[in-house]
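A.B. asks: Got a structure here, written out as structure tokens. Questions coming.
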Amino acid sequence: MNTIYAVIGCLLLLCQCKQGTVEPPPTVAALVGTWTLMQPDSAASTTLSFALDTANPPHDIVSFYVQGKGLQNTYKGRMYATVDGTMQIQELSQTASADLGQTTYQIDRLYLTKLGSTARFNQLPDGTLQLFFGSPSSGTLSYKKGR
């Protein structure tokens, strides 16, 4: 009889436990949306979009899908960010347009190399998003949201 009461008690406890939605920290949640590259080359209208990976709820590390457009190519990948500003972009793939031309291809390739080597992010008070990269040499990609 005690076993039955114990089982019923456990079932009642389990039924009361809910899986709540976990919200990403505000500094990381602010990344969601479409950003336009301002520096080093704003003339290209290069974009970068972040969307939360809802299949992997945020805990210490927040998972995003990224996509965007270079000069003529589109790209997509996965990104991971933490509240302390650490960022890693992985699995970047590019869809090549027909007859790019060597210069356009090199510019898009260089941008993706920089983006793929991103190690940290920072959002300035004016809303500028900075991505700090390390390859081919260290530098910063600067974006503005919603342009």
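A.B. asks: What list of ³J(HN,Hα) couplings, whole Hz, do you get for the stretch 103-110 from phi and the Karplus terms 6.51, -1.76, 1.60, once you set θ to phi - 60° and write x for glycine and proline?
C.D. replies: Couplings: 5, 4, 4, 5, 5, 4, 5, 5 Hz.
A.B. asks: Then there's this: Just add up the charged neighbours of THR140: K/R +1, D/E -1, any other residue whose Cβ is under 12 Å from the Cβ of THR140.
C.D. replies: Neighbour charge sum, excluding THR140 itself: +2.
A.B. asks: Tell me, what HN-Hα J-couplings in whole Hz come from the Karplus equation 6.51 cos²θ - 1.76 cosθ + 1.60 at θ = phi - 60° for each residue of the stretch 125-130, using x for Gly and Pro?
C.D. replies: Result, rounded to whole Hz: x, 7, x, 5, 9, 10.
A.B. asks: Within the stretch 65-147, what whole-number % of the accessible surface is contributed by carbon and sulfur, with the 1.4 Å probe and all protein chains included in the calculation?
C.D. replies: The value for the stretch 65-147 is 51 percent carbon and sulfur by accessible area.
A.B. asks: To continue, here is another question. Using a basic spin-label model with each label point 7 Å from the Cα along Cα→Cβ, how many nm lie between ASP53 and THR140?
C.D. replies: Output for this residue pair reads 2.8 nm.
A.B. asks: Return the distance in nm (one decimal) between the two label points of a simple spin-label model at GLN39 and THR95, each offset 7 Å from Cα along Cα→Cβ.
C.D. replies: Using points 7 Å along Cα→Cβ, the separation is 3.2 nm.
A.B. asks: Cut-off under 12 Å on the C-alpha distance; same-chain residues fewer than 8 positions from LYS144 excluded. Which aspartates and glutamates are left, in chain and number order?
C.D. replies: Partners within reach: ASP126.
A.B. asks: Here is a follow-up. What's the local net charge at ASP41, with K and R +1, D and E -1, over the other residues with C-beta under 14 Å away?
C.D. replies: +3
A.B. asks: Additional query: Can you check what the net charge comes to around GLN130, using other residues whose Cβ is under 14 Å from the Cβ of GLN130 (Lys, Arg +1; Asp, Glu -1)?
C.D. replies: Overall, the nearby charge balance is +3.
A.B. asks: Quick one: P(r) of the stretch 28-147 from all Cα-Cα pairs, 10 Å bins, percents rounded to integers, in order of increasing distance.
C.D. replies: All Cα pairs considered, the percentages come to 14, 49, 31, 6, 0.
A.B. asks: Separation of the stretch 91-135 and the stretch 44-66 by C-alpha centroid, Å?
C.D. replies: 15
The values are calculated or read from the model by the stated rules, or taken from the named source; none is laboratory data. If you're wondering where the values come from, they're calculated on a predicted model, not measured in any experiment. In this analysis, Cβ positions are derived from the backbone assuming ideal geometry, glycine residues included, and neighbour counts consider all displayed protein chains. In case anyone asks, the SASA skips ligands and DNA or RNA and just uses the protein heavy atoms, side chains included. Shrake-Rupley method; radii C 1.70, N 1.55, O 1.52, S 1.80 Å.
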